[in-house]
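Undergrad: Structure in structure tokens, see below.
The values are calculated or read from the model by the stated rules, or taken from the named source; none is laboratory data. These numbers were taken from a predicted model, which means no experiment stands behind them. Cβ atoms come from the backbone with ideal geometry, glycine included; neighbour counts cover every protein chain shown. For accessibility, only protein heavy atoms count, side chains too; no ligands or nucleic acids. Shrake-Rupley method; radii C 1.70, N 1.55, O 1.52, S 1.80 Å.
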Amino acid sequence: MAFKIRSSKFRHIYGSIPKKDLCYENIKITRNTHDSNFCAVNPKFLAVVTETGGGGSFLCIPLKSSGRVDPKTPHVCGHAGVVLDIKFNPFNDNIIASSSEDCTVKVWSIPEDGLKTNLSEWIVDLHGHKRRVGYIEWHPTAENILLSAGFDYKCVLWNVEQAEPVNVISCHDNTVFSMSWNQDGSLFSTSCKDKKLRVIDPRMARVAAESPVQDNLGSRAWKSVFLGDTGRVFTSFHSRFCDREIAVWDLKNMSAPMRTEGIDNSSSILLPYYDQDTKIMYLAGKGDSNIRYFEIDDESPYTHYLNSFITSDPQRGLGVMPKRGCNTERCEVMRFYKLHASKNLIEPLSMIVPRKSSVFHEDIYPPTASQIPSLSADEWISGQSRGQILMSMLDGHVTNSPKVSSAKAVQNKDSSLSQAPTITTYKAVNRPRPEGSVSTQPYAGETTANTNHRNIPASLRNIKQLSTNEEFVSIKDEPQSNGIPLEPPSPSGKSTVKKVWSPASPKSPTTNGFAGGDSDSYTRHQNAAFSPGFFQAYLIKRDHQMSTSRGCHRNTQCNQNGHSVTHVKKVWSVPQSPATPHWLGESPPNEAELRKAYFKQLEEISSLKEQISLKDKRIRQLEEEISVLKLPIAREINVQDQSEC
């Protein structure tokens, strides 16, 4: 019988290491033993978790700043504990999220030209875990949806746009080792220490499919990855005999894997990286010096070993460049950023398909995921599902228009969550204050003994409150009015959008034409021609209204720069069901009925604002798609004009 070799256009993929001047030297990479990548990369920036003495920080530098990195390069430092995972937003290259041992998830905004000073001001601070947060994953199609997994056995789904939890998923009995979204973001898979593979519906917070306890698994961490939209899940694990193995699971039958294949008997954890465009799975072990790659097929045996790339130095982690950042002229189908902890070096590794010509090859570059989100956060939460908007690797134009489907998993209209955490937000407002005007007198509702907390740093207050199961969200340099930021027009002439999550106060939902006061709203302030005198008078009037408003506890203090800092403390909780009060046109007999009446009005206002917000975001999304579609037409017109000339 003749031996037949399976044909594949990716059989001869090889790894290429660039010259030393294209590497990143003198970076003190973290020596933490956590099994995450410790590195994130996109076409603009390279971020890596660094070794620090106190707290947690990571380095974020422009991708073009290769060579020897200055030891005094600014860091992103705002966590009170060691940073465990970092991920860039797939739809905004300047937004990055980080999780830490301080039980928080923070979202940061990186300036376009990189950091000039240490960045300690986050844009969103998410508190909901009671133990350290080990893994985070952005949603692949919906904008501003983030998933986090902590060592408290819970996964929390966050709406970053409004800084609030969408669902708390507590179906795990032990530590979660990995998370992976499917291609349209309607499901995600988890691998757990209880030796079960789970596929979870995030909007219903329920398990859609679950494997039995795998007796052949060892005690080490194991990983799972969704194989695109095929309905299959890939896992890498250690067996009871310490052999490293891989398996492919079918969601329709989770009783046993479709295929299991042994790799070797090394002790390091295998980290899978799946390229859904070329259907190639890359396996790299922490501490290994090689990268194996397999081709995934729809037919048995489902996995086909291609080759391996071997180097002389082990890797601590790998950062993966999105496909839109690969170099098509070199036929580069994947680029890793290898962390050398022993050398303080980050080394780009290009996986290249050998081709004789440098022209664009459509067979190895199918349309890939673009930076245009398919859905807004509110649309996805409401139950809509939509595939990824794809772009061409040749010229960047959009190649598809995926249909919107409605999922059966829809969150309750009252936004009630199971086991919802109690979250306390602190919003700091910095204003100039004359010298010598610092007051040590207690404010309304504050005793003299409690005034000492004004001099305590925000990070220490966070730690103190976390120990009592209270959390903080600190958003600084934003004037607040009932939880809604009010600010002067942008000097650049562009409209500015501020999104703040805060609960409503019993004050009227509208104040002088500015909508606010509810937990689901955010305000868009267009660029208006305010005169300086009018704006100053407006600030004075707004401050007076804030000082007389009910439902918030306001403290004012001076920070280190001599600015007045106002703290507004509010607590997020599950909204109560509204009820119609029996009183009309007269004072309420008690506070409970006043609260019921307020919640009824709040529900109506929230419903109207939600409809306006969805329509507004849909309009912006269509405008972006139209602008992208116009690019090829404009290029053709320019070419014709040049040819005529």
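Undergrad: Restricting to the stretch 327-381, and then to whatever is crowded, with 19+ Cβ neighbours inside 10 Å and of a type in the set (D, E, K, R), can you tell me which residue is nearest to residue 30 (Cα to Cα)?
TA: Top of the filtered list is 338.
Undergrad: Here are the criteria: (1) within 23 Å of residue 207 (Cα to Cα); (2) open to solvent by less than 20 Å² (accessible area, probe 1.4 Å). Tell me which single one residue 229 does not satisfy.
TA: For residue 229, the failing item is (2).
Undergrad: Here's a follow-up. How many residues does the stretch 106-134 hold that are open to solvent by 20 Å² or more (accessible area, probe 1.4 Å) and under 21 Å from residue 181 (Cα atoms)? Working first, answer last.
TA: Residues of the stretch 106-134 open to solvent by 20 Å² or more (accessible area, probe 1.4 Å): 109, 111-113, 115-123, 130-132.
Narrowing further to those that are under 21 Å from residue 181 (Cα atoms): none.
Here the count works out to 0.
Undergrad: Still on this model: Are any of the residues in the stretch 104-125 farther than 30 Å from residue 26 by Cβ and in contact with a helix residue (DSSP H, G or I) (Cβ under 7 Å, 6 or more places away or on another chain)?
TA: no
Undergrad: When you scan the stretch 307-317, do you find a residue that is farther than 20 Å from residue 43 by Cβ, without any contact (Cβ under 8 Å) to a residue 60 or more places away in the chain and buried (at least 19 other Cβ atoms within 10 Å of the Cβ), even just one?
TA: Checked against the condition, which is being farther than 20 Å from residue 43 by Cβ, without any contact (Cβ under 8 Å) to a residue 60 or more places away in the chain and buried (at least 19 other Cβ atoms within 10 Å of the Cβ), the stretch 307-317 yields at least one hit.
Undergrad: Sticking with this one: With the requirement that a residue be open to solvent by less than 10 Å² (accessible area, probe 1.4 Å) and not basic (Lys, Arg), what does the stretch 179-218 give you?
TA: 185, 188, 189, 190, 191, 192, 197, 199, 200, 202, 211, 217 - these are the residues of the stretch 179-218 that are open to solvent by less than 10 Å² (accessible area, probe 1.4 Å) and not basic (Lys, Arg).
Undergrad: Pull out all pairs, ordered by first then second residue, where Cβ-Cβ is under 6 Å, the residues are six or more apart or on different chains, the first lies in the stretch 602-624 and is within 17 Å of residue 142 (Cβ to Cβ) and in contact (Cβ under 8 Å) with a residue 40 or more places away in the chain, and the second is open to solvent by less than 40 Å² (accessible area, probe 1.4 Å) and not in a helix (DSSP H, G or I).
TA: Partner pairs satisfying both residue conditions: 617/376; 624/372.
Undergrad: Kindly indicate whether any position in the stretch 20-30 is touching a residue at least 12 places away in the same chain (Cβ under 8 Å), exposed (fewer than 13 other Cβ atoms within 10 Å of the Cβ) and outside any loop (DSSP other than H, G, I, E, B).
TA: yes
Undergrad: Look at residue 165 and say whether it is surrounded by fewer than 23 Cβ atoms within 10 Å (Cβ to Cβ) and in a loop (DSSP other than H, G, I, E, B).
TA: no
Undergrad: Pairs needed: first member in the stretch 189-212, of a type in the set (Lys, Arg); second member anywhere, open to solvent by less than 10 Å² (accessible area, probe 1.4 Å) and assigned to a strand (DSSP E or B); C-beta distance under 6 Å; at least 6 residues apart or different chains.
TA: Pairs found: 195/217; 198/190.
Undergrad: Then there is this: Here is a list of conditions, (1) closer than 22 Å to residue 46 by Cβ; (2) free of Cβ contacts under 8 Å to residues at least 40 places away in the same chain; (3) open to solvent by less than 40 Å² (accessible area, probe 1.4 Å), and residue 321 meets all of them except one; can you say which number that is?
TA: Answer for residue 321: the failing condition is (2).
Undergrad: How many residues are of a type outside the set (Lys, Arg), surrounded by 11 or more Cβ atoms within 10 Å (Cβ to Cβ) and out of contact with any Pro (no Cβ under 8 Å at 6 or more places or on another chain) if we restrict to the stretch 613-626? Walk me through it before giving the result.
TA: Looking only at the stretch 613-626, we keep the residues that are of a type outside the set (Lys, Arg), and these are 613-614, 616, 619, 621-626.
Within this subset, residues satisfying the condition of being surrounded by 11 or more Cβ atoms within 10 Å (Cβ to Cβ) are 613-614, 616, 621, 624-625.
Subset that is out of contact with any Pro (no Cβ under 8 Å at 6 or more places or on another chain): 613-614, 616, 624-625.
Looking only at that region, the number is 5.
Undergrad: Of 576, 601, which residue is modelled with pLDDT under 70 and over 30 Å from residue 398 (Cβ atoms)?
TA: 576
Undergrad: So the check is Cβ under 9 Å with 6+ separation or different chains; which pairs have a first residue in the stretch 102-122 that's farther than 26 Å from residue 145 by Cβ and a second one that's surrounded by fewer than 16 Cβ atoms within 10 Å (Cβ to Cβ)?
TA: That search, which allows pairs on different chains as well, returns 113/62; 114/62; 114/65.
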